[in-house]
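Coordinate-derived values only; no laboratory data. Since this is a predicted model, take the numbers as computed values, not measurements. Cβ placement follows ideal geometry from the backbone for every residue including glycine, while neighbour counts extend to all protein chains displayed.
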Amino acid sequence: MDHIITGIGGILIGIDLLARSKEHANVSHSIEIWRWLLGNEGKRLLAAGKDTDPTDVGSITRLRKHWSLEQVSAAMELIDARRRAALKYPLHPPVVCDRSGIEQATPESIAIYKSDRIKQRVGSGQRIHDLACGIGGDAMSLAHHFHVTAIDVDPIRCWMTRCNAECETVEADLLDSHHEGDWFHLDPGRRDPATGRRLHDPNQWHPPLSSLSRLSTDFKGGIVKLGPGVAIERLPLETSHELEFISTNGRLSQAHLWLGELAASTSTHRATRLPTGLTETGTPIPTPLGSLGSIGEVLCVPDPALERSMLHGNVAERHGLVEPAPGLGLMTGDRSPACDWFTSFSVDEVMPWREDRVARWLATHDTGIVEVKTRDRTVDPDRYQRRFSGSGSIDRTLFVLRLGRPVVAIITRRADNRFVDDGPGQSGETDPAVD
């Protein structure tokens, strides 16, 4: 009977972890269990289970001979979360975390960027409040330069941050408590606790961004972490601010709202590329328009942070680029721009979008691998990449775009690799995996 119960326990652990992979609510185990895992006996369990498949009944049964179901379940979750954390925090991974916490934590490269930028702005050694600190992903980087007070409504999150960032923590609900000081960092809850669905309306976050007016009174300046898909028109932008969008290795990854004295300039937008640190600031201007549907010698794709910040028109104007159709987001011109904000493609052929005609052209022009890009889901890129790729020596990029009413095929070759766009064929979309 005992071995049957133990086997069922192994199955339950696997189901429990799979269910929690879709869950974004509070931490699933008690703080006593988490603390136990960091003790000597817990470390022995973690060492014994580090290579264990949580859905393998036999492996779980062996662990259950020595430890309880709850202890084994918590250990499996910590082992899984640490594996994920090692990818997100390659330099200084957190000591303790759970899966939902690590999924919602700021990537290390962005956390370091924010901390360094605050230091450049105000100097080191000052007090900064990390509001809604989670597992301490930002606090770990902030603690390198500042005295951090981390605040969260969840006592387990506070404890995790204290372990990971070695900073002061306070258990408090931001809506029901008062905090003041010089600087703050806020990472509001941007998911529906019941469904895990991302919330793009800032008034539905916890705390809602309507509370920024109070924070702006209590602090000299701050930074609010936003999702890259935030509804800009719903942001409370009455105070001095700077709205920044960040891309990492060519993928749109995060947005920040800098407030008060932490805003480098007043009421502007900023685009930043990591890891290079390239940045563009300004007030967005209308994108220069060319003749409708007219394509030049090159087609240029802006870095997603530049486009999302609406500063692609500013950079395009400086380099003589125009948009071939209003709202397209792609630029064209006679030569590749001498800047790193665009990936340029040399145009080989432009024709009406007819699948058979495009296939014939590609087949008769020594075509190898074909990458397909589009906008507004005009076509399914995956379907046509398989359809059009051949065995030739020239790799090509095919753009299928709606230029006004007509749909046009633009056959190109990469002219350079100024930024690596490893995103989906639906160019310009927010990466859904990034929080």
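Cβ crowding within 10 Å ranks E323, E233, E180 as E233, E180, E323, fewest other Cβ atoms first.
Based on other C-beta atoms within 10 Å, arrange V315, V224 from fewest to most.
Ascending Cβ contact count within 10 Å gives the list V315, V224.
Under the convention that each Lys and Arg Cβ holds +1 and each Asp and Glu Cβ holds -1, the size of the dipole of the stretch 353-417 around its Cα centre is about 260 debye.
Need one number: % antiparallel among DSSP beta bridges in the chain, to the nearest 5. Approximately 55 percent, going by the DSSP bridge assignments. Screening the chain for whole DSSP H helices with an alpha carbon extent of at least 20 angstrom along the helix axis and a mean Kyte-Doolittle hydropathy of at least 0.5 yields 2-20. Here C133, C163 are placed in order of increasing Cβ neighbour count within 10 Å, fewest first, which gives C163, C133. A simple charge model with +1 on the Cβ of Lys and Arg, -1 on the Cβ of Asp and Glu and nothing else charged puts the dipole of the chain at about 780 debye relative to its Cα centre. Shown here: percent of Cα pairs over 42 Å apart, derived from the displayed model; of the candidates (i) 28; (ii) 22; (iii) 50, it corresponds to (i). Relative contact order for the chain: 9 percent, from Cα pairs under 8 Å spaced at least 6 residues apart, divided by residue count. Normalised by the number of residues in the stretch 105-282, the average gap of Cα pairs under 8 Å and 6 or more apart makes the relative contact order 16 percent. Along the axis of the charge dipole computed for the stretch 105-282 (Cβ charges of +1 for Lys and Arg, -1 for Asp and Glu, origin at the Cα centre), the listed residues A111, N203, T149 are led at the positive end by A111. Just so you know, the Rg over Rh for the stretch 104-151 is 0.93, from Cα atoms, with Rh as the Kirkwood radius. Total lysine pairs in the chain at Cα distances under 21 Å, for residues eight or more apart or on different chains: 10.
Comparing L69, A264, P302 along the charge dipole axis of the chain, the residue lying farthest to the positive side is P302, per the Cβ-charge model.
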